[in-house]
Amino acid sequence: MRAIARALIDALWAGLLAASLLFLALRALPGDGLTHQLIESGASDDVIQARRASLGLDQPLVTQVAGYLAGLARGDLGVSLLDGRPVRDALYDALPHTLTLAGLALGVGLVGGITVGTAAARTQNAVRPVARLAIAVGLSAPTALIGTLAIVVFALWLDWLPGSGAGTIGHIVLPASVLGWHSAAAIGQVTAAALHDVYSAPYLIAARGRGLSSRRLLVHALRACAPTIVTATMLQAGFLFGGTAITEAIFARPGVGRLLVDAALRQDYPMVQGVALWCAGVAIGAALIGDALSASLDPRLRDVE
Amino acid sequence: MIWDRHRAAPLIVLVLVLLVAPYFVGDPLATAPSMQLTPPGFAYPLGSDLLGRDMLARTVYGGQRTLMSAGAATAIAVGGALCLTGIVVVTPPGGRRWLRLLTRTLLALPPLVFGLIIVTLTSGGEWGVIAATGLVHLAPYVRVLDTSETSARQNGHVEAARALGAGEWRVWRAHLLPIMLPTLLAQAGVTFAGAILTSAALGFLGFGGEVSAPEWGRMLYDGRQVLRVAPWVPLAPGVGITLLVMSVNYALESGERRVRRWRE
Amino acid sequence: MMITTIFKRATTTVLLLTCALIVSGRDMTRAQDDSRRIVYGLTFQPSGFDPHINASSELGIPLRSVYDTLVYRDPVSQAFVAGLAESWAISEDGREYTFTLRQNVLFHDGTPFNASAVAANLDRITDPAIASQKAVFLLGGYAGYSVIDDRTIRIALNDPYSPLLDSLSQVYLGMASPTALAAYSAERYQFYQVGTGPFVFVEYVPGDRLVLRRNPAYVWGPSFYQPVGANAVETIEFRFFTDPVTRALALESGEADIMGELLPLDARALNASTEVSLQPEIIPGQPLQFLINSAKFPTDELVVRQALLVGADREAIADSIFQRLSPVAWAPLSAATPYYNADLVGAYAFDPAAARDALIGLGYSDSNNDGVLERNGAELEIRVITPVWNAIPDVVQLLEAQWRTIGIRTVIEQVPSRGALFEQVAAGDYHLVAWYEYGSDPAYLSRYFTSMGDLNWTGYSAAELDGLLIEAGRQSDDNARRSLYGQAQRIVMEQALILPIRDYVNLNGYRRTLNPVEFDAYGWFPLLHNLSFSTFSGE
């Protein structure tokens, strides 16, 4: 219990630190999207000053940071520099798409990863090299390549699935599979390595000696690997929920990644901050859950500091 | 099979090819609009792109450039990680908790997000992308180094050295570092592979400097526009990235085995 | 034990998948439940969607049909026809325009349209606090208005300004409901827009969609708006396809029904499609061009500028990058723009040898044999500000190669956004900057080529050009304007102030389930009112 509380507090501190650092880093930059837009329309200095003042951009940095953190406590992530849209609203609109995509990709990754990892570690016939190749390619191929090829093959040539947009389950299959392949490869690699280690452990050899069927051996082995697999999965979860920008661009889907890229290109700093903070929060949360799950699955890990 | 014994071979071959081949191929920047989008053949072994440039030359030069940026990014990551660990060493235990928190925060940001922020801070440009990639991959080191440092401390040498009156810094440099080195190298390999993908991703999203100089990430991005009539244009850099990263990972597998055997 | 573990893992997976499905279910409720609904692809996400404030033409594609304007320009005859103003009178000295407004017109929120509504709009556009990027500039020497009565309003000008009617027919001067304008701040209004047009603004989610629904009470459209039939389109959902590769794919797979700005290669391929038709639209305005900085060495010399033009193989660019779907440009205006000077066609034809000779004649030589000409130690190096959109980087790369053969080194300065471009220009360290603007009335040329113009990026200043452009902006006589703009264009080209590349042609595609899409006089904006299905089963 105390360990959980301590972990939570640490996570909170990490979050606060991240928020402050992000804020300071972005605010320290000369120029921003709003000023550029105003300069472009030939606005006089007065107008620019007035606009910046109305957004509180002219106050000393420390005040701004404090104000921002206070806002965070209320759940207020600030407003976009360019259209005054609350960052929270923008996130709320974009989140369902990203959550769907990342969630399904994670599912594909987990199920596919364990499958292909087991195949790569335990099978003897032609399946093994195929599985290992699938893992290697999944880890190495850029998402842009896989995604574009997938669109051409499945949306254009075969016309089985829609190649862009969002709105139905059909729209998610391709993007989730493309993203999921990479996660499956990562989880698969970890699974394969862990299985390899476990199978050379004395107790498993003893169990085999006692005549346990290979199926039950596998289940035992997987259970022993569970903490490692869980950690890897949670790591992937953190990446997925924050790193969908490319997939969203290729498949013309709205989402958090797109939001971030657009904001970065337009130098809309409050938006960049808000999205980045959310991603960081998810990653920290995923790590927490991962640690908790690992601890519950393997009592030996519970006493680690 | 020879592959299993010399796992680093594919990587070495690929790197050598990329470093040497530029002397044998044509000009990657020479345009010939009337010869645009020719399929691979005698005149253009890997075909030509929208502006009639030789894809073989561009792929080779682009690969070299990708290698260099990934290498620079890895150097930044390794250097930064060493500095950071050095700082951790000289910090009193109270401050260490905060430093760990800081690194956990850095670790929390997914690579692409972090990279985008840094790229925004440096207003795009090639060096911005390299710096971003390097910093992005810094966090895993700290966790890795931390773990190996802990296990190294449990080793008898450190206790002995301390008992003999060695200072913290000397302990770190003479006893801990040599033990952590193999892990560091292994992680550097992982970073290298990751840096290739991250800088390609950032290039894909529109960041990173020069328009004309070939680089695999940008080539993949631009090449997609002609995917349907000239698939070789995006496929060459795409497959290039995949092969390069695969060979790095493959070489790492042997490195990892050696590290494990060393520990035991 | 084993069962618990498996159970735990299975639960996690199932939970994740269920969450995903539930959340995606939310997606599904937005799915098509309306058979007279189409998806229109937008290609650019502007930083704002307010026509009074932002300058992007992309926003006009949906908003042209949300707002009416006082006057309209007939797409075929180019003449001005009645819109929200039934009739208008221009005073003798050209400084006063009196508009008699149409009666019984209502905004989508029920507010009646009248002279004070027009006044509220003019106030907003000219308010310095909202920092309008285009609308206020379209008003020229605007001096104010006077409301005569409920259906009459008079607009006053400091000086005669002949483009005023043209400006008042553009979406940027569309009439918005004063109630809505007052209810929201300048930045927030774009999410709650209210006009009098044939389509009602339903919602706008940046980066995701913008939805319009037909206004059933709309009966006050201009003469070229067709009567609404049984197969008319009811609802239009605009989605953003910023990655050019996704556009043709979306069109072919049916994800989108109409899409603009297709890639030239994709457009070519669509000619063979049975499901999609290609519809190229020529856009009047400036061509894609490079403005040349005549105030900075080495482009401060006329011969050097001319060498840049003569050394550029524009036919090759039109062929390879634009697949011959865009004509080569020869003047500061594109061929489809009123008052275009057709005599300038063929000026500065490609002749690399002549270009190099001219440079050598100026005293340049390649003394160190590095391929770049220099004179007195100064190399012939030019910096080009290159936006990353619309194939401009490809154009610049071809130019770079062509100029290298005549001994000029090119440095490409890439800019990822409009804001960054303006920043670079303000810094002053450039020789060429890629730019273009759209519009049927060439009055905007004053912004670029008069000495006091706010977009005078060529740094050129001459009394003759100033006089021509200012007078052309005041003249109301068509022939006089033609002659004045003709001379102005000639001077711009004689002084080699720009390198024109290609006339802009918007490559639109639409699925054959729809009748051909019509566009307005400005080329960019579809007449959404007239959109209809070609085969309608009458569900």
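Net charge around B:T38, counting only other residues with Cβ within less than 14 Å of its Cβ (Lys, Arg = +1; Asp, Glu = -1)?
On the way: positive: B:R53, B:R58; negative: B:D49, B:D54.
Residues close to B:T38 contribute a combined charge of 0.
Residue by residue through the range C:62-68, which ³J(HN,Hα) values in whole Hz follow from phi under the Karplus form 6.51 cos²θ - 1.76 cosθ + 1.60 (θ = phi - 60°), with glycine and proline marked x?
x, 6, 4, 9, 8, 10, 9
Label-point separation (nm) for C:V219 and A:I9, each offset 7 Å from Cα along Cα-to-Cβ?
7.4
Identify the chymotrypsin sites (Phe, Trp or Tyr not before Pro) of the range B:14-68 meeting these criteria: DSSP loop state and at most 10 other C-beta atoms within 10 Å of the C-beta.
On the way: sites: B:Y23, B:F24, B:F42, B:Y61; in loops: B:F24, B:F42.
When the chymotrypsin sites (Phe, Trp or Tyr not before Pro) of the range B:14-68 are filtered for loop state and at most 10 Cβ neighbours within 10 Å, B:F24, B:F42 remain.
Would you work out which of C:L499, C:G509, C:A488 lies farthest towards the positive end of the dipole of the range C:473-528, given +1 charges on the beta-carbon of Lys and Arg and -1 on that of Asp and Glu, about the Cα centre?
Among C:L499, C:G509, C:A488, the one farthest towards the positive end of the dipole of the range C:473-528 is C:G509.
Could you list which residues have their amide H under 5 Å from that of C:F525, counting only those 5 or more apart in sequence or on another chain, with H placed in the peptide plane?
Sorted by chain and number, the residues that satisfy this are C:D520.
Compare C:E92, C:E275 by solvent-accessible area with a 1.4 Å probe and give them largest first, with all protein chains kept in place. Spell out each step's value before the answer.
Working: C:E92 190, C:E275 90 Å².
If we order C:E92, C:E275 from most to least accessible, we get C:E92, C:E275.
Placing +1 at every Lys and Arg Cβ and -1 at every Asp and Glu Cβ, with all other atoms neutral, what dipole size does the range C:199-336 have around its Cα centre, in debye to the nearest 20?
Numbers: 10 positive and 17 negative charges, 68 e Å.
Dipole of the range C:199-336, to the nearest 20 debye: 320 debye.
Is chain C best put as rounded, prolate or oblate by its Cα gyration tensor, with a ≥ b ≥ c the root eigenvalues, rounded for a/c under 1.5, and otherwise prolate when a/b is larger than b/c, oblate when not?
On the way: a/c = 1.94, a/b = 1.21, b/c = 1.61.
In terms of gyration-tensor shape, oblate.
Report C:S223's accessible area, 1.4 Å probe, all protein chains in place, as a number in Å² to the nearest 10.
Accessible surface of C:S223 is approximately 90 Å².
Using a 10 Å cut-off on Cβ to Cβ distances, tally the other chain neighbours for every residue of A:108-117 and report the average as a whole number.
Values: counts 1, 0, 5, 2, 0, 0, 2, 0, 0, 0.
Average neighbour count from other chains, rounded to a whole number: 1.
Under 5 Å between amide hydrogens, which residues at least 5 positions from C:A329 or on another chain qualify, with H placed 1.01 Å from N in the peptide plane?
The list, which skips near neighbours in sequence, is C:I501, C:R502, C:D503.
Which far-off residues, 5 or more places away or on another chain, put their amide H under 5 Å from the one on C:G144, with H placed in the peptide plane?
C:A156
Tabulate in residue order the Karplus-calculated ³J(HN,Hα) for the range A:52-62, using 6.51 cos²θ - 1.76 cosθ + 1.60 with θ = phi - 60°, rounded to whole Hz; enter x for Gly and Pro.
Those phi angles translate into 5, 4, 5, 9, x, 7, 9, 7, x, 3, 4 Hz.
Determine the distance separating the Cα centre of the range C:351-366 from the Cα centre of the range A:224-270; give it in Å without decimals.
The range C:351-366 and the range A:224-270 have Cα centres separated by 54 Å.
Given a 1.4 angstrom probe, I'd like the percentage of the accessible area of the range C:288-502 that is carbon and sulfur, rounded to a whole number. Display every interim value, and only then the final one.
Working: 3720 of 7540 Å².
On the range C:288-502, the fraction of accessible area on carbon and sulfur atoms equals 49 percent.
Test of understanding: what is the full-extension gain from C:A342 to C:L106, defined as 0.36 nm times their sequence separation minus their Cα-Cα distance? Write out the running numbers ahead of the final one.
Numbers: separation 236, 0.36 × 236 = 84.96 nm, distance 4.46 nm.
That pair, C:A342 and C:L106, stretches by 80.5 nm at full extension.
Given a 10 angstrom Cα cut-off, can you work out which residue in A:A206, A:A11, A:A150 is the most mobile in a GNM of chain A?
A:A206
Please report how far the C-alpha centroid of the range C:192-264 lies from that of the range C:276-322, rounded to the nearest whole angstrom.
33
Please compute the average number of Cβ atoms from other chains found within 10 Å of each residue's Cβ in peptide A:132-144.
Values: counts 0, 1, 0, 1, 7, 4, 0, 8, 13, 8, 15, 4, 15.
Per residue, the number of nearby Cβ atoms from other chains is 6 on average.
Averaged per residue, what accessible area in Å² does chain C show with a 1.4 Å probe, protein chains only? Walk me through the intermediate numbers first.
Values: 19400 Å² over 539 residues.
It amounts to 36 Å² per residue over chain C.
Which listed residue (C:A355, C:I292, C:L333) has the Cα farthest towards the positive end of the charge dipole for the range C:288-502, taking +1 on Lys and Arg C-beta and -1 on Asp and Glu C-beta about the Cα centre?
C:L333
Solvent-accessible area of C:D477, probe 1.4 Å, all protein chains present, reported in Å² to the nearest ten, please.
Accessible surface of C:D477 is approximately 80 Å².
Given springs between every Cα pair under 10 Å in a Gaussian network model of chain A, which of A:Q124, A:Q273, A:Q64 has the largest fluctuation?
It is A:Q124.
Whole-Hz Karplus ³J(HN,Hα) for the range C:293-304, in order, using 6.51 cos²θ - 1.76 cosθ + 1.60 and θ = phi - 60°, x for Gly and Pro?
After applying 6.51 cos²θ - 1.76 cosθ + 1.60, I find 6, 8, 10, 10, 5, x, 7, 6, 9, 4, 4, 5 Hz.
To check you understand DSSP bridge types, tell me what percent of the beta bridges within the protein assembly as shown (both residues inside) are antiparallel, rounded to 5.
Numbers: 58 of 75 bridges.
Counting only bridges with both partners in the protein assembly as shown, antiparallel ones make up about 75 percent.
Evaluate E = 1/(1 + (r/R0)^6) for C:T405 and C:A230, where r is the Cβ-Cβ distance and R0 equals 35 Å; express this FRET efficiency to the nearest 0.05.
Values: r = 62 Å, r/R0 = 1.76.
Rounded to the nearest 0.05, the efficiency is 0.05.
Taking only DSSP H segments of four or more residues, each worth -39500 (n - 2.57), what value at 222 nm results for chain C once the sum is divided by all its residues, to the nearest 500 deg cm²/dmol? Provide the component values of the computation, followed by the final result.
Numbers: 16 runs with 158 residues, N = 539.
Helix contribution divided over all residues of chain C: -8500 deg cm²/dmol.
Loop-only check: which trypsin sites (Lys or Arg not before Pro) in the range A:205-237 are DSSP coil with at most 12 other Cβ within 10 angstrom? Please list the in-between numbers first.
Details: sites: A:R208, A:R210, A:R215, A:R216, A:R223; in loops: A:R210.
Taking the range A:205-237 and a limit of 12 other Cβ atoms within 10 Å, the loop trypsin sites (Lys or Arg not before Pro) found are A:R210.
Looking at A:A126, A:Y92, A:A186, which one has the Cα that reaches farthest to the positive end of the dipole of chain A (charges on Cβ: Lys, Arg +1; Asp, Glu -1)?
A:A126
Using the Cα gyration tensor of the range C:288-502, with a ≥ b ≥ c the square roots of its eigenvalues, what is the shape: rounded (a/c below 1.5), prolate (a/b larger than b/c) or oblate (neither)?
Cα axes put the range C:288-502 in the prolate bin.
When you look at the Cβ of every residue in C:249-255, what mean number of other chain Cβ atoms sits within 10 Å? If you can, show how the numbers build up before the last one.
Numbers: counts 12, 6, 0, 4, 9, 2, 8.
Across C:249-255, the average partner-chain Cβ count within 10 Å equals 6.
Want the number for C:A353 to C:Y184: 0.36 nm per residue separation, take away the alpha-carbon distance, what's left?
54.7 nm
Only four residue types carry charge here, +1 at the Cβ of Lys and Arg and -1 at the Cβ of Asp and Glu. Report the dipole size of the range C:288-502 about the Cα centre in Debye, rounded to the nearest 20.
Values: 16 positive and 27 negative charges, 60 e Å.
Approximately 280 debye in magnitude.
Give the ranking of B:M246, C:M452 by solvent-accessible surface, highest area first, calculated with a 1.4 Å probe. Please report the intermediate quantities before stating the final value.
Numbers: B:M246 45, C:M452 130 Å².
Most to least solvent-accessible, the answer reads C:M452, B:M246.
Only Cα pairs within less than 10 Å get springs; with that Gaussian network setup on chain A, which residue of A:L106, A:L91, A:L218 has the largest fluctuation?
In this elastic network of chain A, the residue with the biggest mean-square fluctuation among A:L106, A:L91, A:L218 is A:L218.
Please identify which residues in the range A:68-95 have an amide N closer than 15 Å to a label point set 7 Å out from the Cα of C:E203, following the Cα→Cβ vector.
Counting only backbone N, you get A:89-95.
Which net charge results for the neighbourhood of C:I501, defined as the other residues with beta-carbon distances under 13 angstrom from its beta-carbon, given Lys and Arg at +1 and Asp and Glu at -1?
On the way: positive: C:R314, C:R502; negative: C:D313, C:E315, C:D319, C:D394, C:D503.
Here the charged neighbours net out to -3.
To the nearest 20 debye, what charge dipole does chain C have about its Cα centre, counting +1 at the Cβ of each Lys and Arg and -1 at the Cβ of each Asp and Glu? All intermediate terms of the calculation are to be shown ahead of the outcome.
On the way: 39 positive and 62 negative charges, 262 e Å.
Dipole of chain C, to the nearest 20 debye: 1260 debye.
Suppose R0 equals 60 Å; then what is the FRET efficiency for A:S200 and A:L61 from their Cβ-Cβ distance, rounded to the nearest 0.05? Please report the intermediate quantities before stating the final value.
On the way: r = 57 Å, r/R0 = 0.95.
The value I calculate is 0.60.
To the nearest Å, what is the center-to-center distance of the range A:86-100 and the range C:394-458, using C-alpha atoms only?
Each part's Cα centre sits 37 Å from the other's.
Calculate, for B:I87 and C:D123, the FRET efficiency according to 1/(1 + (r/R0)^6) with r their C-beta to C-beta distance and R0 56 Å; round to the nearest 0.05.
Details: r = 60 Å, r/R0 = 1.06.
The calculated FRET efficiency here is 0.40.
The values are calculated or read from the model by the stated rules, or taken from the named source; none is laboratory data. Computed from a prediction, not measured in an experiment: that's the story for all the values here. In this analysis, Cβ positions are derived from the backbone assuming ideal geometry, glycine residues included, and neighbour counts consider all displayed protein chains. For the accessible areas, the whole protein counts, side chains as well, though only heavy atoms, and no ligand, DNA or RNA atoms are used. Shrake-Rupley method; radii C 1.70, N 1.55, O 1.52, S 1.80 Å.
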